[in-house]
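The values are calculated or read from the model by the stated rules, or taken from the named source; none is laboratory data. This one's a predicted model, so the numbers in the text were calculated from it and none came from an experiment. Ideal geometry is used to build each Cβ from the backbone, glycine not excepted, and the neighbour counts take in all protein chains shown. Ligands, DNA and RNA are stripped out before the accessible areas are found, and what is left, the full protein with its side chains, is counted by its heavy atoms. Shrake-Rupley method; radii C 1.70, N 1.55, O 1.52, S 1.80 Å.
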There are 2 protein chains.
Amino acid sequence: MQIIKSCSALNSINFQKPFAFVPTMGNLHEGHLSLVKFAKENYSEVITSIFVNPLQFGKNEDFASYPKTLDKDIQLLEDLDCNYLFLPEPNFAENLEVIKPNFSDVLCGLSRPTHFDGVLTIIDKFLRLIKPNACLFGLKDYQQQLIIKDYVNKKKLRTEIISLPIVRENSGLAMSSRNNYLSKDDREHCGIIYSCIQNAAESLKTSPVKIVIEKATDFLENAGFEIDYLEVIDANNLSLITKKTNKILIAVAVIYKKVRLIDNIIVSL
Amino acid sequence: MQIIKSCSALNSINFQKPFAFVPTMGNLHEGHLSLVKFAKENYSEVITSIFVNPLQFGKNEDFASYPKTLDKDIQLLEDLDCNYLFLPEPNFAENLEVIKPNFSDVLCGLSRPTHFDGVLTIIDKFLRLIKPNACLFGLKDYQQQLIIKDYVNKKKLRTEIISLPIVRENSGLAMSSRNNYLSKDDREHCGIIYSCIQNAAESLKTSPVKIVIEKATDFLENAGFEIDYLEVIDANNLSLITKKTNKILIAVAVIYKKVRLIDNIIVSL
(Lines give C-alpha, C1' and ligand atoms only; values in the text may rest on other atoms or scores of the structure.)
Protein backbone atom coordinates (compact mmCIF):
# COMPACT_ATOMS: atom_id res chain seq x y z
CA MET A 1 0.00 0.00 0.00
CA GLN A 2 1.36 3.38 -1.01
CA ILE A 3 0.99 6.12 1.60
CA ILE A 4 0.41 9.60 0.22
CA LYS A 5 0.94 12.63 2.40
CA SER A 6 0.48 15.60 0.06
CA CYS A 7 -1.92 16.80 -2.58
CA SER A 8 0.90 17.03 -5.12
CA ALA A 9 1.87 13.40 -4.51
CA LEU A 10 -1.78 12.51 -4.95
CA ASN A 11 -1.99 14.38 -8.24
CA SER A 12 0.89 12.39 -9.70
CA ILE A 13 -0.90 9.05 -9.24
CA ASN A 14 -2.32 7.41 -12.32
CA PHE A 15 -5.18 5.41 -10.79
CA GLN A 16 -6.31 2.27 -12.57
CA LYS A 17 -9.96 2.94 -13.39
CA PRO A 18 -12.57 2.47 -12.15
CA PHE A 19 -11.27 3.25 -8.67
CA ALA A 20 -13.05 3.80 -5.39
CA PHE A 21 -12.44 6.16 -2.50
CA VAL A 22 -13.21 5.43 1.15
CA PRO A 23 -12.96 8.58 3.30
CA THR A 24 -12.54 7.89 7.03
CA MET A 25 -11.44 9.57 10.23
CA GLY A 26 -9.34 6.53 11.13
CA ASN A 27 -9.74 4.30 14.17
CA LEU A 28 -10.97 1.77 11.66
CA HIS A 29 -13.57 -0.80 12.65
CA GLU A 30 -15.47 -3.52 10.80
CA GLY A 31 -17.83 -0.91 9.36
CA HIS A 32 -14.99 0.89 7.58
CA LEU A 33 -13.43 -2.40 6.57
CA SER A 34 -16.66 -3.55 4.95
CA LEU A 35 -16.39 -0.47 2.69
CA VAL A 36 -12.79 -1.26 1.74
CA LYS A 37 -13.68 -4.91 1.08
CA PHE A 38 -16.58 -3.89 -1.14
CA ALA A 39 -14.31 -1.45 -2.96
CA LYS A 40 -11.63 -4.10 -3.51
CA GLU A 41 -14.24 -6.50 -4.84
CA ASN A 42 -15.80 -4.05 -7.26
CA TYR A 43 -13.13 -1.60 -8.41
CA SER A 44 -9.66 -1.86 -9.94
CA GLU A 45 -8.02 0.22 -7.22
CA VAL A 46 -8.94 1.58 -3.80
CA ILE A 47 -7.79 4.69 -1.98
CA THR A 48 -8.67 5.19 1.66
CA SER A 49 -8.14 8.47 3.50
CA ILE A 50 -7.66 9.03 7.20
CA PHE A 51 -8.27 12.60 8.26
CA VAL A 52 -9.91 13.80 11.46
CA ASN A 53 -11.73 16.73 9.90
CA PRO A 54 -11.82 19.66 12.36
CA LEU A 55 -14.61 21.36 10.37
CA GLN A 56 -17.18 18.76 11.34
CA PHE A 57 -16.67 18.97 15.11
CA GLY A 58 -18.52 21.47 17.28
CA LYS A 59 -16.78 23.58 19.92
CA ASN A 60 -17.53 21.25 22.80
CA GLU A 61 -17.13 18.03 20.87
CA ASP A 62 -14.39 15.41 20.93
CA PHE A 63 -12.08 16.64 18.14
CA ALA A 64 -8.95 16.65 20.30
CA SER A 65 -9.67 13.33 21.94
CA TYR A 66 -11.00 11.54 18.84
CA PRO A 67 -9.34 8.10 18.93
CA LYS A 68 -6.18 7.80 16.80
CA THR A 69 -4.77 4.38 15.96
CA LEU A 70 -2.77 5.00 12.79
CA ASP A 71 -0.36 2.05 12.99
CA LYS A 72 -3.19 -0.41 13.53
CA ASP A 73 -5.25 1.24 10.78
CA ILE A 74 -2.38 0.89 8.31
CA GLN A 75 -2.03 -2.80 9.18
CA LEU A 76 -5.78 -3.39 8.69
CA LEU A 77 -5.71 -1.66 5.29
CA GLU A 78 -2.58 -3.60 4.25
CA ASP A 79 -4.37 -6.82 5.21
CA LEU A 80 -7.20 -5.93 2.82
CA ASP A 81 -4.73 -5.07 0.06
CA CYS A 82 -5.90 -1.45 -0.12
CA ASN A 83 -3.82 0.27 -2.83
CA TYR A 84 -3.39 3.78 -1.43
CA LEU A 85 -3.76 5.54 1.89
CA PHE A 86 -4.11 9.33 1.78
CA LEU A 87 -3.06 11.10 4.98
CA PRO A 88 -3.68 14.80 4.32
CA GLU A 89 -1.58 17.35 6.17
CA PRO A 90 -3.22 19.10 9.14
CA ASN A 91 -3.82 22.25 7.06
CA PHE A 92 -5.89 20.32 4.50
CA ALA A 93 -9.13 21.77 5.82
CA GLU A 94 -7.95 25.38 6.00
CA ASN A 95 -9.27 28.26 3.89
CA LEU A 96 -12.11 26.29 2.35
CA GLU A 97 -15.33 27.98 1.41
CA VAL A 98 -17.98 26.44 3.65
CA ILE A 99 -20.72 24.55 1.78
CA LYS A 100 -24.25 24.60 3.22
CA PRO A 101 -26.09 21.36 2.49
CA ASN A 102 -29.77 20.53 2.14
CA PHE A 103 -31.45 18.22 4.67
CA SER A 104 -29.15 19.54 7.39
CA ASP A 105 -31.67 21.25 9.66
CA VAL A 106 -33.06 18.07 11.25
CA LEU A 107 -31.75 15.03 13.15
CA CYS A 108 -27.99 15.35 13.74
CA GLY A 109 -28.04 18.77 12.09
CA LEU A 110 -30.16 20.18 14.93
CA SER A 111 -27.86 19.15 17.76
CA ARG A 112 -24.68 19.60 15.71
CA PRO A 113 -25.57 22.72 13.68
CA THR A 114 -22.31 23.10 11.71
CA HIS A 115 -21.52 19.40 11.45
CA PHE A 116 -22.76 18.75 7.92
CA ASP A 117 -21.31 22.02 6.63
CA GLY A 118 -17.97 20.62 7.73
CA VAL A 119 -18.60 17.16 6.30
CA LEU A 120 -19.72 18.45 2.92
CA THR A 121 -16.94 21.02 2.65
CA ILE A 122 -14.29 18.35 3.14
CA ILE A 123 -15.99 15.75 0.93
CA ASP A 124 -16.30 18.33 -1.85
CA LYS A 125 -12.57 19.01 -1.56
CA PHE A 126 -11.77 15.28 -1.58
CA LEU A 127 -13.96 14.54 -4.59
CA ARG A 128 -12.57 17.41 -6.67
CA LEU A 129 -9.02 16.45 -5.78
CA ILE A 130 -9.21 12.66 -6.11
CA LYS A 131 -11.98 12.35 -8.73
CA PRO A 132 -12.83 8.75 -7.84
CA ASN A 133 -15.36 6.75 -9.84
CA ALA A 134 -17.10 5.84 -6.59
CA CYS A 135 -17.02 7.07 -3.02
CA LEU A 136 -18.29 4.78 -0.26
CA PHE A 137 -20.17 5.55 2.94
CA GLY A 138 -21.92 3.54 5.64
CA LEU A 139 -25.64 3.81 6.22
CA LYS A 140 -25.10 4.37 9.94
CA ASP A 141 -24.62 8.00 9.00
CA TYR A 142 -27.85 7.96 7.02
CA GLN A 143 -28.31 11.73 6.94
CA GLN A 144 -24.69 12.24 5.89
CA GLN A 145 -24.91 9.96 2.85
CA LEU A 146 -28.26 11.52 1.86
CA ILE A 147 -26.75 15.01 2.02
CA ILE A 148 -23.72 13.94 0.01
CA LYS A 149 -25.81 12.15 -2.63
CA ASP A 150 -28.00 15.24 -2.99
CA TYR A 151 -24.97 17.50 -3.34
CA VAL A 152 -23.16 15.30 -5.86
CA ASN A 153 -26.34 14.99 -7.86
CA LYS A 154 -27.01 18.76 -7.89
CA LYS A 155 -23.41 19.64 -8.72
CA LYS A 156 -23.26 16.88 -11.34
CA LEU A 157 -19.97 15.59 -9.92
CA ARG A 158 -18.78 12.47 -11.72
CA THR A 159 -18.43 10.33 -8.60
CA GLU A 160 -21.02 7.73 -7.72
CA ILE A 161 -21.91 7.78 -4.03
CA ILE A 162 -22.50 4.27 -2.71
CA SER A 163 -23.94 3.50 0.71
CA LEU A 164 -23.42 0.16 2.40
CA PRO A 165 -25.30 -1.53 5.24
CA ILE A 166 -24.60 -0.83 8.89
CA VAL A 167 -22.16 -3.27 10.46
CA ARG A 168 -22.98 -4.16 14.06
CA GLU A 169 -21.23 -5.57 17.11
CA ASN A 170 -22.59 -8.92 18.32
CA SER A 171 -24.85 -7.05 20.74
CA GLY A 172 -26.51 -5.23 17.84
CA LEU A 173 -24.78 -1.92 18.60
CA ALA A 174 -23.85 -0.15 15.36
CA MET A 175 -20.07 -0.06 14.88
CA SER A 176 -18.61 3.38 15.62
CA SER A 177 -15.23 4.70 16.69
CA ARG A 178 -17.02 6.29 19.62
CA ASN A 179 -17.93 2.83 20.94
CA ASN A 180 -14.33 2.77 22.15
CA TYR A 181 -15.31 5.30 24.82
CA LEU A 182 -17.52 2.63 26.41
CA SER A 183 -16.70 -0.47 28.44
CA LYS A 184 -17.44 -3.92 27.08
CA ASP A 185 -20.44 -4.25 29.41
CA ASP A 186 -21.77 -0.86 28.37
CA ARG A 187 -21.51 -1.79 24.70
CA GLU A 188 -23.41 -4.98 25.43
CA HIS A 189 -26.14 -2.92 27.10
CA CYS A 190 -26.24 -0.45 24.18
CA GLY A 191 -27.30 -3.30 21.89
CA ILE A 192 -30.86 -2.51 22.98
CA ILE A 193 -30.80 0.69 20.94
CA TYR A 194 -31.03 -1.55 17.90
CA SER A 195 -33.64 -3.86 19.45
CA CYS A 196 -35.66 -0.76 20.23
CA ILE A 197 -35.73 0.57 16.65
CA GLN A 198 -36.36 -2.93 15.31
CA ASN A 199 -39.39 -3.15 17.58
CA ALA A 200 -40.47 0.33 16.51
CA ALA A 201 -40.27 -0.76 12.86
CA GLU A 202 -42.48 -3.74 13.65
CA SER A 203 -44.96 -1.60 15.63
CA LEU A 204 -45.34 0.80 12.70
CA LYS A 205 -47.36 -1.90 10.95
CA THR A 206 -50.15 -1.61 13.52
CA SER A 207 -49.67 1.59 15.54
CA PRO A 208 -49.66 5.29 14.67
CA VAL A 209 -46.28 7.04 14.45
CA LYS A 210 -46.92 9.11 17.58
CA ILE A 211 -47.49 6.02 19.73
CA VAL A 212 -44.48 4.23 18.25
CA ILE A 213 -42.24 7.18 19.12
CA GLU A 214 -43.63 7.47 22.65
CA LYS A 215 -43.13 3.77 23.35
CA ALA A 216 -39.60 3.73 21.98
CA THR A 217 -38.70 6.89 23.90
CA ASP A 218 -40.00 5.43 27.17
CA PHE A 219 -38.14 2.22 26.54
CA LEU A 220 -34.79 3.93 25.94
CA GLU A 221 -35.16 6.37 28.81
CA ASN A 222 -35.98 3.52 31.18
CA ALA A 223 -32.83 1.79 29.98
CA GLY A 224 -30.72 4.79 30.99
CA PHE A 225 -30.36 6.62 27.69
CA GLU A 226 -30.75 10.36 27.27
CA ILE A 227 -32.50 10.96 23.99
CA ASP A 228 -31.18 13.58 21.60
CA TYR A 229 -33.75 12.69 18.95
CA LEU A 230 -35.91 9.77 17.93
CA GLU A 231 -37.66 10.42 14.64
CA VAL A 232 -39.90 8.48 12.29
CA ILE A 233 -39.72 10.35 8.97
CA ASP A 234 -39.62 10.03 5.20
CA ALA A 235 -36.32 8.35 4.31
CA ASN A 236 -36.15 10.15 0.96
CA ASN A 237 -36.13 13.71 2.25
CA LEU A 238 -36.19 13.52 6.08
CA SER A 239 -39.52 15.33 6.14
CA LEU A 240 -42.85 14.34 7.68
CA ILE A 241 -44.40 11.15 6.39
CA THR A 242 -47.03 11.69 3.70
CA LYS A 243 -49.11 9.45 1.48
CA LYS A 244 -46.27 9.47 -1.04
CA THR A 245 -43.75 8.10 1.47
CA ASN A 246 -42.50 4.74 0.25
CA LYS A 247 -39.75 4.23 2.80
CA ILE A 248 -39.58 5.35 6.36
CA LEU A 249 -36.46 6.16 8.32
CA ILE A 250 -36.44 5.49 12.04
CA ALA A 251 -33.42 7.40 13.29
CA VAL A 252 -32.18 7.76 16.84
CA ALA A 253 -29.40 9.58 18.65
CA VAL A 254 -28.86 8.92 22.34
CA ILE A 255 -26.32 9.87 24.95
CA TYR A 256 -25.09 7.12 27.24
CA LYS A 257 -22.41 7.86 29.83
CA LYS A 258 -21.59 11.06 27.92
CA VAL A 259 -21.10 9.15 24.63
CA ARG A 260 -23.32 10.09 21.71
CA LEU A 261 -24.53 7.06 19.73
CA ILE A 262 -26.63 7.04 16.57
CA ASP A 263 -28.47 4.29 14.76
CA ASN A 264 -31.24 3.91 12.22
CA ILE A 265 -33.37 1.47 10.33
CA ILE A 266 -35.26 1.75 7.05
CA VAL A 267 -38.80 0.44 6.71
CA SER A 268 -40.09 -0.13 3.17
CA LEU A 269 -43.83 0.40 2.86
CA MET B 1 -43.94 -0.83 -10.85
CA GLN B 2 -44.18 -0.70 -14.63
CA ILE B 3 -44.01 -4.09 -16.37
CA ILE B 4 -42.30 -4.09 -19.76
CA LYS B 5 -42.79 -6.97 -22.14
CA SER B 6 -41.05 -5.92 -25.34
CA CYS B 7 -37.77 -4.39 -26.44
CA SER B 8 -39.61 -1.54 -28.14
CA ALA B 9 -41.48 -0.68 -24.92
CA LEU B 10 -38.14 -0.76 -23.15
CA ASN B 11 -36.58 1.61 -25.66
CA SER B 12 -39.24 4.22 -25.03
CA ILE B 13 -38.44 4.51 -21.33
CA ASN B 14 -36.55 7.57 -20.20
CA PHE B 15 -34.76 6.22 -17.13
CA GLN B 16 -33.86 8.64 -14.37
CA LYS B 17 -30.09 8.38 -14.10
CA PRO B 18 -28.12 6.85 -12.59
CA PHE B 19 -30.18 3.68 -12.79
CA ALA B 20 -29.37 0.08 -11.93
CA PHE B 21 -30.28 -3.21 -13.54
CA VAL B 22 -30.79 -6.50 -11.70
CA PRO B 23 -30.98 -9.46 -14.12
CA THR B 24 -32.62 -12.56 -12.62
CA MET B 25 -34.23 -15.83 -13.66
CA GLY B 26 -37.09 -15.21 -11.25
CA ASN B 27 -38.12 -17.35 -8.28
CA LEU B 28 -36.76 -14.48 -6.26
CA HIS B 29 -35.17 -15.10 -2.87
CA GLU B 30 -33.44 -12.91 -0.29
CA GLY B 31 -30.27 -12.96 -2.38
CA HIS B 32 -32.00 -11.31 -5.32
CA LEU B 33 -33.87 -8.96 -3.02
CA SER B 34 -30.62 -7.79 -1.43
CA LEU B 35 -29.56 -6.67 -4.93
CA VAL B 36 -32.80 -4.76 -5.50
CA LYS B 37 -32.57 -3.14 -2.06
CA PHE B 38 -28.99 -2.08 -2.73
CA ALA B 39 -30.03 -0.69 -6.10
CA LYS B 40 -32.95 1.25 -4.60
CA GLU B 41 -30.65 2.70 -1.96
CA ASN B 42 -27.95 3.79 -4.37
CA TYR B 43 -29.57 4.63 -7.71
CA SER B 44 -32.41 6.85 -8.90
CA GLU B 45 -34.30 4.01 -10.58
CA VAL B 46 -34.14 0.23 -10.68
CA ILE B 47 -35.08 -2.20 -13.42
CA THR B 48 -35.22 -5.92 -12.67
CA SER B 49 -35.55 -8.56 -15.37
CA ILE B 50 -36.97 -12.04 -15.07
CA PHE B 51 -35.95 -14.33 -17.90
CA VAL B 52 -35.11 -18.02 -17.69
CA ASN B 53 -32.32 -17.96 -20.25
CA PRO B 54 -32.32 -21.18 -22.28
CA LEU B 55 -28.79 -20.53 -23.54
CA GLN B 56 -27.23 -21.11 -20.15
CA PHE B 57 -28.77 -24.55 -19.50
CA GLY B 58 -27.16 -27.76 -20.69
CA LYS B 59 -29.09 -30.53 -22.45
CA ASN B 60 -29.76 -32.56 -19.33
CA GLU B 61 -30.26 -29.65 -17.00
CA ASP B 62 -33.38 -28.25 -15.38
CA PHE B 63 -34.45 -25.58 -17.90
CA ALA B 64 -37.99 -26.88 -18.28
CA SER B 65 -38.53 -27.46 -14.58
CA TYR B 66 -36.76 -24.31 -13.35
CA PRO B 67 -39.06 -22.90 -10.64
CA LYS B 68 -41.45 -20.18 -11.86
CA THR B 69 -43.24 -17.97 -9.35
CA LEU B 70 -44.03 -14.83 -11.34
CA ASP B 71 -46.97 -13.52 -9.29
CA LYS B 72 -45.04 -13.82 -6.06
CA ASP B 73 -41.95 -12.28 -7.69
CA ILE B 74 -43.96 -9.27 -8.85
CA GLN B 75 -45.32 -8.78 -5.33
CA LEU B 76 -41.83 -8.94 -3.81
CA LEU B 77 -40.53 -6.38 -6.30
CA GLU B 78 -43.53 -4.11 -5.71
CA ASP B 79 -42.84 -4.31 -1.96
CA LEU B 80 -39.32 -3.01 -2.58
CA ASP B 81 -40.62 -0.22 -4.82
CA CYS B 82 -38.71 -1.52 -7.83
CA ASN B 83 -39.47 0.87 -10.73
CA TYR B 84 -39.54 -1.48 -13.72
CA LEU B 85 -39.80 -5.18 -14.38
CA PHE B 86 -38.63 -6.40 -17.78
CA LEU B 87 -40.16 -9.70 -18.90
CA PRO B 88 -38.59 -10.45 -22.29
CA GLU B 89 -40.54 -12.53 -24.76
CA PRO B 90 -39.49 -16.20 -25.13
CA ASN B 91 -37.66 -15.43 -28.39
CA PHE B 92 -35.40 -12.89 -26.66
CA ALA B 93 -32.45 -15.30 -26.72
CA GLU B 94 -32.84 -16.38 -30.34
CA ASN B 95 -30.37 -15.67 -33.15
CA LEU B 96 -27.70 -14.22 -30.92
CA GLU B 97 -24.06 -14.61 -31.76
CA VAL B 98 -22.59 -16.72 -28.98
CA ILE B 99 -19.89 -14.98 -26.94
CA LYS B 100 -17.03 -17.06 -25.55
CA PRO B 101 -15.78 -15.72 -22.22
CA ASN B 102 -12.42 -15.93 -20.47
CA PHE B 103 -12.10 -17.85 -17.18
CA SER B 104 -14.76 -20.29 -18.38
CA ASP B 105 -12.73 -23.48 -18.60
CA VAL B 106 -12.58 -24.20 -14.87
CA LEU B 107 -15.01 -24.66 -11.94
CA CYS B 108 -18.62 -24.50 -13.20
CA GLY B 109 -17.35 -24.12 -16.77
CA LEU B 110 -15.90 -27.66 -16.69
CA SER B 111 -19.09 -29.42 -15.68
CA ARG B 112 -21.37 -27.01 -17.57
CA PRO B 113 -19.27 -26.38 -20.71
CA THR B 114 -21.62 -23.98 -22.53
CA HIS B 115 -23.10 -22.36 -19.41
CA PHE B 116 -21.04 -19.17 -19.37
CA ASP B 117 -21.31 -18.73 -23.14
CA GLY B 118 -25.05 -18.57 -22.56
CA VAL B 119 -24.79 -16.25 -19.57
CA LEU B 120 -22.46 -13.80 -21.30
CA THR B 121 -24.42 -13.79 -24.55
CA ILE B 122 -27.61 -12.80 -22.75
CA ILE B 123 -25.93 -10.29 -20.44
CA ASP B 124 -24.27 -8.64 -23.44
CA LYS B 125 -27.69 -8.33 -25.08
CA PHE B 126 -29.23 -6.90 -21.90
CA LEU B 127 -26.47 -4.36 -21.35
CA ARG B 128 -26.52 -3.09 -24.93
CA LEU B 129 -30.31 -2.82 -24.87
CA ILE B 130 -30.84 -1.32 -21.41
CA LYS B 131 -27.54 0.59 -20.99
CA PRO B 132 -27.80 0.76 -17.20
CA ASN B 133 -25.28 2.71 -15.13
CA ALA B 134 -24.81 -0.34 -12.96
CA CYS B 135 -25.67 -4.02 -13.17
CA LEU B 136 -25.78 -6.08 -10.00
CA PHE B 137 -24.82 -9.69 -9.31
CA GLY B 138 -24.40 -11.88 -6.25
CA LEU B 139 -21.05 -13.31 -5.24
CA LYS B 140 -22.53 -16.80 -4.94
CA ASP B 141 -21.93 -17.01 -8.67
CA TYR B 142 -18.34 -15.87 -8.21
CA GLN B 143 -17.08 -17.13 -11.56
CA GLN B 144 -20.03 -15.56 -13.36
CA GLN B 145 -19.42 -12.06 -12.01
CA LEU B 146 -15.68 -12.38 -12.70
CA ILE B 147 -16.39 -13.36 -16.31
CA ILE B 148 -18.85 -10.49 -16.73
CA LYS B 149 -16.51 -7.93 -15.17
CA ASP B 150 -13.70 -9.09 -17.46
CA TYR B 151 -15.94 -8.86 -20.53
CA VAL B 152 -17.36 -5.42 -19.69
CA ASN B 153 -13.86 -4.17 -19.01
CA LYS B 154 -12.43 -5.53 -22.27
CA LYS B 155 -15.38 -4.27 -24.36
CA LYS B 156 -15.34 -0.92 -22.54
CA LEU B 157 -19.09 -1.10 -21.95
CA ARG B 158 -20.34 1.84 -19.89
CA THR B 159 -22.03 -0.26 -17.20
CA GLU B 160 -20.42 -0.77 -13.82
CA ILE B 161 -20.67 -4.38 -12.65
CA ILE B 162 -21.25 -4.58 -8.91
CA SER B 163 -21.09 -7.78 -6.90
CA LEU B 164 -22.78 -8.11 -3.54
CA PRO B 165 -22.23 -10.57 -0.69
CA ILE B 166 -23.80 -14.02 -0.59
CA VAL B 167 -27.06 -14.12 1.35
CA ARG B 168 -27.54 -17.32 3.36
CA GLU B 169 -30.36 -19.25 4.92
CA ASN B 170 -30.17 -19.58 8.71
CA SER B 171 -28.38 -22.90 8.30
CA GLY B 172 -25.59 -21.18 6.36
CA LEU B 173 -26.72 -22.60 3.01
CA ALA B 174 -26.26 -20.01 0.25
CA MET B 175 -29.62 -18.80 -1.07
CA SER B 176 -30.47 -20.29 -4.46
CA SER B 177 -33.63 -20.97 -6.38
CA ARG B 178 -32.48 -24.59 -6.55
CA ASN B 179 -32.78 -24.86 -2.76
CA ASN B 180 -36.50 -25.17 -3.45
CA TYR B 181 -35.83 -28.66 -4.80
CA LEU B 182 -34.82 -29.70 -1.27
CA SER B 183 -36.83 -30.37 1.88
CA LYS B 184 -36.47 -28.15 4.91
CA ASP B 185 -34.42 -30.83 6.70
CA ASP B 186 -32.17 -31.28 3.69
CA ARG B 187 -31.53 -27.55 3.53
CA GLU B 188 -30.64 -27.57 7.20
CA HIS B 189 -28.15 -30.37 6.53
CA CYS B 190 -26.68 -28.52 3.54
CA GLY B 191 -25.62 -25.70 5.86
CA ILE B 192 -22.47 -27.72 6.48
CA ILE B 193 -21.24 -26.89 2.98
CA TYR B 194 -20.61 -23.41 4.31
CA SER B 195 -19.12 -24.63 7.61
CA CYS B 196 -16.81 -26.81 5.56
CA ILE B 197 -15.41 -23.97 3.42
CA GLN B 198 -15.16 -21.72 6.47
CA ASN B 199 -13.05 -24.40 8.16
CA ALA B 200 -11.01 -24.77 4.99
CA ALA B 201 -10.35 -21.02 4.98
CA GLU B 202 -9.14 -21.25 8.57
CA SER B 203 -6.97 -24.31 7.85
CA LEU B 204 -5.24 -22.50 4.98
CA LYS B 205 -3.40 -20.42 7.59
CA THR B 206 -1.51 -23.47 8.81
CA SER B 207 -1.88 -26.28 6.26
CA PRO B 208 -0.83 -26.71 2.62
CA VAL B 209 -3.54 -26.35 -0.01
CA LYS B 210 -3.43 -30.05 -0.92
CA ILE B 211 -4.18 -31.13 2.65
CA VAL B 212 -6.95 -28.54 3.03
CA ILE B 213 -8.66 -29.82 -0.12
CA GLU B 214 -8.34 -33.47 0.95
CA LYS B 215 -9.80 -32.79 4.38
CA ALA B 216 -12.72 -30.75 3.05
CA THR B 217 -13.43 -33.37 0.37
CA ASP B 218 -13.49 -36.17 2.94
CA PHE B 219 -15.73 -34.13 5.19
CA LEU B 220 -18.30 -33.42 2.49
CA GLU B 221 -18.27 -36.96 1.10
CA ASN B 222 -18.82 -38.36 4.57
CA ALA B 223 -21.78 -36.00 4.93
CA GLY B 224 -23.41 -37.47 1.83
CA PHE B 225 -22.37 -34.97 -0.82
CA GLU B 226 -21.08 -35.90 -4.26
CA ILE B 227 -18.36 -33.45 -5.16
CA ASP B 228 -18.33 -31.82 -8.58
CA TYR B 229 -15.35 -29.64 -7.71
CA LEU B 230 -13.64 -28.22 -4.65
CA GLU B 231 -10.92 -25.79 -5.60
CA VAL B 232 -8.56 -23.47 -3.78
CA ILE B 233 -7.35 -20.99 -6.40
CA ASP B 234 -6.39 -17.40 -7.15
CA ALA B 235 -9.57 -15.31 -6.79
CA ASN B 236 -8.36 -12.78 -9.37
CA ASN B 237 -7.99 -15.15 -12.31
CA LEU B 238 -9.11 -18.62 -11.12
CA SER B 239 -5.63 -19.99 -11.80
CA LEU B 240 -3.20 -21.79 -9.52
CA ILE B 241 -2.05 -19.88 -6.47
CA THR B 242 1.31 -18.17 -6.90
CA LYS B 243 3.43 -15.83 -4.82
CA LYS B 244 1.51 -12.91 -6.32
CA THR B 245 -1.88 -14.22 -5.14
CA ASN B 246 -3.39 -11.72 -2.72
CA LYS B 247 -6.80 -13.30 -2.38
CA ILE B 248 -7.77 -16.93 -2.53
CA LEU B 249 -11.08 -18.32 -3.69
CA ILE B 250 -12.35 -21.51 -2.10
CA ALA B 251 -15.12 -22.65 -4.42
CA VAL B 252 -17.24 -25.76 -4.19
CA ALA B 253 -19.98 -27.42 -6.20
CA VAL B 254 -21.71 -30.49 -4.79
CA ILE B 255 -24.63 -32.63 -5.72
CA TYR B 256 -27.04 -33.58 -2.96
CA LYS B 257 -30.15 -35.63 -3.74
CA LYS B 258 -29.66 -34.76 -7.42
CA VAL B 259 -29.56 -31.00 -6.68
CA ARG B 260 -26.42 -29.10 -7.65
CA LEU B 261 -25.36 -26.54 -5.04
CA ILE B 262 -22.49 -24.07 -5.22
CA ASP B 263 -20.83 -21.90 -2.63
CA ASN B 264 -17.57 -20.03 -2.13
CA ILE B 265 -15.54 -17.95 0.25
CA ILE B 266 -12.76 -15.42 -0.30
CA VAL B 267 -9.65 -15.44 1.84
CA SER B 268 -7.53 -12.29 1.81
CA LEU B 269 -3.84 -12.97 2.33
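The table that follows gives values for the structure above.
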{"item": "Label 7 Å beyond Cα on the Cβ vector: residue B:240 copy-to-copy distances, nm", "result": "7.0"}
{"item": "Rounded to 5, percent antiparallel among DSSP beta bridges of the protein assembly as shown", "result": "50"}
{"item": "Residues with amide H under 5 Å from that of residue B:229, placed H, sequence gap 5 or more", "result": "B:253"}
{"item": "Residues in segment A:15-58 occluded by at least 30 Å² - accessible area, probe radius 1.4 Å, against chain by itself", "result": "A:38, A:41, A:42"}
{"item": "Gaussian network model of chain A, springs between alpha carbon atoms under 10 Å - residue of A:75, A:143, A:198 with greatest fluctuation", "result": "A:75"}
{"item": "Contact order normalised by residue count of chain A, Cα under 8 Å, 6+ apart, percent", "result": "16"}
{"item": "Label point 7 Å beyond Cα along the C-beta direction, distances from residue A:61 to other copies (nm, shortest first)", "result": "5.2"}
{"item": "Heavy-atom surface of chain B, accessible at 1.4 Å and reported per residue (Å²)", "result": "48"}
{"item": "FRET efficiency estimate (nearest 0.05) - Cβ-Cβ, residue A:111 to residue B:78, R0 60 angstrom", "result": "0.95"}
{"item": "Under-5 Å amide H pairs with residue B:27, H placed in peptide plane, nonlocal only", "result": "B:69"}
{"item": "Long-range HN-HN contacts of residue A:164 with modeled amide H, under 5 Å", "result": "A:137, A:138, A:139"}
{"item": "q = 0.10, 0.21 Å⁻¹, segment B:2-164: log10 I(q)/I(0) [Debye, one scatterer per Cα]", "result": "-0.34, -1.68"}
{"item": "Segment B:177-263: C-alpha gyration tensor shape, a/c 1.5 cut-off, then a/b vs b/c", "result": "prolate"}
{"item": "Residue-by-residue Karplus 3J(HN,Hα) for segment B:13-26, coefficients 6.51, -1.76, 1.60, Hz, glycine and proline x", "result": "7, 9, 5, 6, 9, x, 10, 10, 10, 10, x, 9, 9, x"}
{"item": "Accessible-area composition of segment A:4-153, carbon plus sulfur, in percent [1.4 Å probe]", "result": "50"}
{"item": "Hz values of 3J(HN,Hα) by residue in segment B:107-114 - Karplus curve (6.51, -1.76, 1.60), Gly and Pro given as x", "result": "6, 4, x, 6, 8, 10, x, 10"}
{"item": "Burial of 20 Å² or greater, segment B:151-169 residues [accessible area, probe 1.4 Å, versus chain by itself]", "result": "B:160, B:162, B:163"}
{"item": "Backbone HN-Hα couplings from phi across segment B:34-43 [Karplus 6.51/-1.76/1.60, Hz, Gly and Pro as x]", "result": "5, 5, 5, 4, 4, 5, 4, 5, 10, 9"}
{"item": "Local net charge near residue A:45, Cβ-Cβ under 11 Å (Lys/Arg +1, Asp/Glu -1)", "result": "+1"}
{"item": "Residues of segment A:177-214 with amide N under 20 Å of the 7 Å Cα→Cβ point at residue A:257", "result": "A:177-196"}
{"item": "Where B meets A: accessible area buried, both sides, 1.4 Å probe, Å²", "result": "1500"}
{"item": "Label zone at residue B:156 (point 7 Å along Cα-to-Cβ), backbone N below 16 Å, segment A:1-29", "result": "A:17-18"}
{"item": "GNM top mover of A:40, A:17, A:244 - chain A, alpha-carbon springs below 10 Å", "result": "A:244"}
{"item": "Spin-label proximity, residue A:226 to segment A:255-269 - amide N less than 20 Å from point 7 Å beyond Cα toward beta carbon", "result": "A:255-263"}
